[in-house]
């Protein structure tokens, strides 16, 4: 398993980190975001979207559950917070978005970690200060992407 850890010190740095990852991604990648309320999941996703060439606004899909955005690749941005049980993942059609022309991001992944695909990049976000966030990226399948991100983020 490839692991990379980095700390951002502002929302702008968090967005820049997400943008660097977005530029590296190909379709079919699932990113599972883990973190408490206000950890920076949506802020990171804004940067990711920019790296995918998406210009429309990114907001948390808390009430709609899934937002789709068009860019170099489609972005499927899902929020699992309001789901009550694992079976509801099937009812929102999340699996339909996991394909070669889409990058899928799930917020609140810790709620249903065992139901999410194994072929993914886990991103744990911890708030360590007012504006400071610690990111830990882990993946067995996409270790090369994690390594490329490490090289891009730490020249």
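The values are calculated or read from the model by the stated rules, or taken from the named source; none is laboratory data. Computed from a predicted structure; not experimentally measured. Cβ: placed from backbone, ideal geometry, glycine included. Neighbour counts: every protein chain shown.
Out of the residues in the stretch 106-125 that are farther than 19 Å from residue 2 by Cβ and part of a strand (DSSP E or B), which is modelled with the highest pLDDT?
Among those that are farther than 19 Å from residue 2 by Cβ and part of a strand (DSSP E or B), it is 106.
Within the stretch 91-105, can you find the residues that are closer than 18 Å to residue 41 by Cβ and modelled with pLDDT of 75 or more?
Residues satisfying the conditions are 103, 104, 105.
What pairs come out if I take residues in the stretch 144-155 that are touching a residue at least 12 places away in the same chain (Cβ under 8 Å) and at negative phi and pair them with residues that are surrounded by 15 or more Cβ atoms within 10 Å (Cβ to Cβ) and part of a loop (DSSP other than H, G, I, E, B) whose C-beta lies under 8 Å away, six or more apart or interchain?
Here the result reads 145/25; 145/29, each pair linking the stretch 144-155 to a residue that is surrounded by 15 or more Cβ atoms within 10 Å (Cβ to Cβ) and part of a loop (DSSP other than H, G, I, E, B).
Please work out if residue 122 is under 22 Å from residue 40 (Cα atoms) and either in contact (Cβ under 8 Å) with a residue 12 or more places away in the chain or surrounded by 15 or more Cβ atoms within 10 Å (Cβ to Cβ) (or both).
yes
Just wondering, is there one or more residues in the stretch 133-151 that are assigned to a strand (DSSP E or B) and more than 14 Å from the chain's Cα centre (by Cα)?
Yes; the residues of the stretch 133-151 include at least one that is assigned to a strand (DSSP E or B) and more than 14 Å from the chain's Cα centre (by Cα).
Could you check the stretch 44-60 and list, in sequence order, the residues that are within 14 Å of residue 79 (Cβ to Cβ) and modelled with pLDDT of 90 or more?
44, 45
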